[in-house]
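Data first, discussion second: the structure below is written as structure tokens.
The values are calculated or read from the model by the stated rules, or taken from the named source; none is laboratory data. All of these numbers come straight from a predicted model, not from anything done at the bench. Ideal geometry is used to build each Cβ from the backbone, glycine not excepted, and the neighbour counts take in all protein chains shown.
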Amino acid sequence: MSFVIVLSVFLIASVVTIVNSIDLTVSTIYNYTKIVSLVIPQRSELSVDDADVAISRSMPNAQRVIPTGGFFMNIRTVFGEVPFIAFGLTDADRDYVLGKSGDRLSSGRMPMRGRAEAVLSSGLVRNKHLKLGDIVAGPEDSGGVAGTPVPVKLVGILSGPTWIAFTSKSFVDSALPFMPRFLIITSSSRGSLAALSTDLDTRLHHDQVSLLSYRNLVTEVRGQLSAMYLIMTLVNAMVILVVALMSGMLSNIYFTQRISEFAILSAIGVRRTLLLWHAVSETAVVTAIGWFFGVVLTWLVMSAMRGTVFEPRGMLIDPRDTMAFLSTIPIPIIITAFAVGTIAYRLATLDPVTIIERR
């Protein structure tokens, strides 16, 4: 029974971890939206209109509004390849944004003005399997808006929690004159950026621009995943029900095999509530042990597969996903409750004299 519980815990926790990896992947890749929000022109426009620029600058919590552009590169995700922006900023603005992110240059150097060079965070470097001197983006790239007219070389790697990329503003202005320009908006702190983005979202002209913020990003992703979460919940519920029924039947079989022992204890005066507690506590211990080893097995397998299977395919997982392990807690609870019901019924109808005489 413990082995069945271990496998069921591993199955449920693994499924939840993998499904949650979609949310984790998107929120990690675009976690630069925790430090900046972007006001982006609609497809038909090359820049944010003056009215929306004025609205952005008038926001009381806006610390800095930076008009800029950039180039796109392809990165691997669970959805396939998607474009990721490299911001074209002046040295002062780049250092300012880096100060907000908490990242720092760990190897190489910063891009020189006007050159086809870029600096990427270590997460992006791992995702694209790059090293210093490799090409980040170029004219041969495919996939929507990704690519640059000249090859862009990786000259520096950033270390830190944020996935972010930079090139020089002068390179973007000269090499990508028809790339749409957008606004980078920052606030005095990460905590105030969420409120700023929410307020700004209500004031912008959405027929002209759109706002990329962490809140909008998470809301959109989780809305698209709602159907998948519903399916996952139903599958998990069915697995838990089947395992509970199976384990309850096994508990009933074990009780039947020891019926003579319980009959003798009952005949010599041991209270049936104590007998029930004895039987149920054994089941609870077995299920708790099975659940614990199931959690450990899940953590070990997911940790081993994170760097070898998932991350090379652009899929970020958390082997210690709290939601995954919380989803397995009903397994030992329901199994123990089912055992209580079946064993309590057998004890209530137990006739110790008849059983002892048959023996």
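For region 1-52, what are the residues that are touching a strand residue (DSSP E or B) at 6+ places or on another chain (Cβ under 7 Å) and in a helix (DSSP H, G or I)?
Answer for region 1-52, where residues must be touching a strand residue (DSSP E or B) at 6+ places or on another chain (Cβ under 7 Å) and in a helix (DSSP H, G or I): Thr25, Ile29, Thr33, Asp52.
Go through Leu225, Leu154, Leu245 for me and flag whichever is surrounded by 13 or more Cβ atoms within 10 Å (Cβ to Cβ), out of contact with any Asp or Glu (no Cβ under 7 Å at 6 or more places or on another chain) and touching a residue at least 40 places away in the same chain (Cβ under 8 Å).
None of the other options fit; the residue is Leu245.
Determine whether region 168-185 contains at least one residue that is aromatic (Phe, Trp, Tyr), touching a helix residue (DSSP H, G or I) at 6+ places or on another chain (Cβ under 9 Å) and closer than 21 Å to Val48 by Cα.
Within region 168-185, not a single residue is aromatic (Phe, Trp, Tyr), touching a helix residue (DSSP H, G or I) at 6+ places or on another chain (Cβ under 9 Å) and closer than 21 Å to Val48 by Cα.
If you check Ala267 against the conditions, is it modelled with pLDDT under 70 and either among the basic types (Lys, Arg) or assigned by TED's automatic domain parsing to the domain that holds Val19 (or both)?
yes
Taking Gly80, is it under 29 Å from Gly114 (Cβ atoms) and not assigned by TED's automatic domain parsing to the domain that holds Gly294?
No: the conditions fail for Gly80.
Kindly indicate which of Thr28, Thr17 is in contact with a Gly (Cβ under 9 Å, 6 or more places away or on another chain), touching a residue at least 60 places away in the same chain (Cβ under 8 Å) and not hydrophobic (A, V, I, L, M, F, W, C).
Only one candidate passes the filter, namely Thr28.
Could you check region 315-329 and list, in sequence order, the residues that are outside any loop (DSSP other than H, G, I, E, B) and not hydrophobic (A, V, I, L, M, F, W, C)?
Correct list: Thr322 only.
On the basis of being part of a helix (DSSP H, G or I), polar (S, T, N, Q) and within 26 Å of the chain's Cα centre (by Cα), does Asn74 make the cut?
Spelling it out, it is not the case that Asn74 is part of a helix (DSSP H, G or I), polar (S, T, N, Q) and within 26 Å of the chain's Cα centre (by Cα).
So, in region 105-156, how many residues would count as being more than 27 Å from Phe310 (Cα to Cα) and of a type in the set (Asp, Glu)?
The total comes to 1.
Okay, residues lined up against (1) touching a Gly at 6+ places or on another chain (Cβ under 6 Å); (2) buried (at least 16 other Cβ atoms within 10 Å of the Cβ); (3) closer than 19 Å to Tyr32 by Cα:
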position	(1), (2), (3)
Asn74	yes, yes, yes
Thr90	no, no, yes
Arg94	no, yes, yes
Gly99	no, no, yes
Ser121	no, yes, yes
Lys131	no, no, no
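Could you give every pair whose Cβ atoms fall below 7 Å, whose first residue belongs to region 171-184 and is touching a residue at least 24 places away in the same chain (Cβ under 8 Å), and whose second residue is surrounded by fewer than 18 Cβ atoms within 10 Å (Cβ to Cβ) and small (Gly, Ala, Ser), counting only separations of at least 6 or pairs across chains?
Partner pairs satisfying both residue conditions: Phe171/Gly114; Ser174/Gly114; Pro180/Ser47; Arg181/Ser47.
Arg272 - would you say it is at pLDDT below 80, surrounded by fewer than 18 Cβ atoms within 10 Å (Cβ to Cβ) and farther than 14 Å from Ala344 by Cα?
No.
Within region 277-322, work out how many residues are touching a Phe, Trp or Tyr at 6+ places or on another chain (Cβ under 7 Å), closer than 22 Å to Ser247 by Cβ and modelled with pLDDT under 90.
Residues in region 277-322 being touching a Phe, Trp or Tyr at 6+ places or on another chain (Cβ under 7 Å), closer than 22 Å to Ser247 by Cβ and modelled with pLDDT under 90: 1 in total.
Could you tell me which residue of region 25-53 is farthest from Leu98 (Cα to Cα), considering only residues that are surrounded by 18 or more Cβ atoms within 10 Å (Cβ to Cβ) and among the aliphatic types (A, V, I, L, M)?
Among those residues, the one meeting the criterion is Val48.
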